[in-house]
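Colleague: Before anything else, here's the structure in question.
The values are calculated or read from the model by the stated rules, or taken from the named source; none is laboratory data. The model shown is predicted, which means the values in this text are computed figures rather than measured ones. When we count neighbours, we look across all protein chains shown, and the Cβ atoms used for this are built from the backbone with ideal geometry, even at glycine.
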Amino acid sequence: MKVYYVGKEREYKSITKLFLDLKNDETEKTIFIDAGVYDVFKEYKEVGMPSPPDDVRPSNYFPYNAFVPGNTRLIGIGNVLLRFAPSKEEITYGESRTWAPLNVLSECHIENIEIYCKNGRYCIHDDCHNLYPNTRHYYKNVRCHYELGDEKDGMRLGFNNTVGNGMPQGCKFEFEDCTFAFTGDNKHSAFYTHEDGFDTPENSPSLIFKNCLFLAGEGNDRVLRLQNLAKADLHILTRVESSYLSGGIYLTIHNEDSAQHYDVTVINSGNPPILVDDEENNIYPVKIYEA
């Protein structure tokens, strides 16, 4: 298995540059990141990452980002901070809606990293778009803080969710000892996920949280937002265990003729408010257990 290092005294000083060099490498590999602060916005500018137009479609972010290479263990050594916080004068509206400090598509293991984002898309954008089904995405001790974007020319910069997650068939997403903190308004969330719109119920994805913190500002009543896009009868196992939620779990549907397919179990995580778009089409009522 290949091993790479990023740091001030290493061959690679830029995480973005290494990701781009390994863009098509799907072999098993480990990337160690030395302690320090990594300015991802500055790195994007240094490597000449193409700038998206201001009217870029939300789904058209692939050509404009550097992604964690497939089958990668990304491990921080000590205190590692990925920082993405350009001023509103430095970043365009299109860049703020497209660029994120950490982008993931396929199989990964990410551990011991802190991420701060303001005026960017999300802290973490992990969306397979059905390109990488049946993969495992594991995060441990990843601490994310997203701050509400500035206004520029009458528009709010960024997407203003801490994590943006899309789940294709058969994928397993696991978060352990992670923090999802959001400072902003009550329209957005600390963690937002959706299934990727496939229409076959077999091999549904799963979403597991253990020992995690979901934190949002005062008045934010939906720190964990679960959105259903598909019309098929899916069964999306969702488990929140030994965690803390400062607000509620929001189950929402995208298509009027679809139903809610997240089977949510909350264990030893208090009694968070449960908000449901359509109670009649809520196939799996949320189950809450305390030891």
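Colleague: Out of the residues in region 265-276 meeting the condition of being crowded, with 21+ Cβ neighbours inside 10 Å and in contact with a Leu (Cβ under 7 Å, 6 or more places away or on another chain), tell me which one is modelled with the lowest pLDDT. Step through it out loud before you land on a result.
Modeller: Quick first cut of region 265-276, residues crowded, with 21+ Cβ neighbours inside 10 Å only: 266, 269, 272.
If we keep only those that are in contact with a Leu (Cβ under 7 Å, 6 or more places away or on another chain) too, we end up with 269, 272.
Details: S269: 97, P272: 94.
Ranking the candidates gives P272 first.
Colleague: Those residues that are over 25 Å from Y132 (Cα atoms) and β-branched (V, I, T), I need them from region 63-98; list them, please.
Modeller: Across region 63-98, the qualifying residues are I77, V80, I91, T92.
Colleague: Additional query: Please go through region 268-290 and give me each residue that is more than 19 Å from I253 (Cα to Cα), touching a residue at least 24 places away in the same chain (Cβ under 8 Å) and assigned to a strand (DSSP E or B), ordered by number.
Modeller: Y289, the sole residue that qualifies.
Colleague: Looking at this structure, is Y262 within 19 Å of S189 (Cβ to Cβ) and either surrounded by 15 or more Cβ atoms within 10 Å (Cβ to Cβ) or β-branched (V, I, T) (or both)?
Modeller: yes
Colleague: Kindly indicate the residue of region 1-21 that is among the hydrophobic types (A, V, I, L, M, F, W, C), in contact with a strand residue (DSSP E or B) (Cβ under 7 Å, 6 or more places away or on another chain) and modelled with pLDDT of 95 or more and also surrounded by the fewest Cβ atoms within 10 Å (Cβ to Cβ) among those meeting that condition.
Modeller: Kept after step one, since they are among the hydrophobic types (A, V, I, L, M, F, W, C), are these residues of region 1-21: 1, 3, 6, 15, 18-20.
Among the residues that remain, those that are also in contact with a strand residue (DSSP E or B) (Cβ under 7 Å, 6 or more places away or on another chain) are: 1, 3, 6, 15, 18-19.
Filter once more, keeping what is modelled with pLDDT of 95 or more: 3, 6, 15, 18-19.
On the way: V3: 9, V6: 24, I15: 22, L18: 21, F19: 23.
If we take residues in region 1-21 being among the hydrophobic types (A, V, I, L, M, F, W, C), in contact with a strand residue (DSSP E or B) (Cβ under 7 Å, 6 or more places away or on another chain) and modelled with pLDDT of 95 or more, then V3 is surrounded by the fewest Cβ atoms within 10 Å (Cβ to Cβ).
Colleague: Do the conditions hold for K152, that is, is it among the basic types (K, R) and within 21 Å of L213 (Cβ to Cβ)?
Modeller: When the stated conditions are applied, K152 does not pass them.
Colleague: A follow-up question, please. Pull up region 236-251, narrow it to residues that are buried (at least 16 other Cβ atoms within 10 Å of the Cβ) and part of a loop (DSSP other than H, G, I, E, B), then point me to the one that is modelled with the highest pLDDT.
Modeller: Per the stated criteria, the residue is S243.
Colleague: Pairs only if they're at least six apart or on different chains, beta carbon under 9 angstrom, first in region 72-96 and among the acidic types (D, E), second in a strand (DSSP E or B); list them, first residue then second.
Modeller: Within 9 Å, the pairs are E89/K152.
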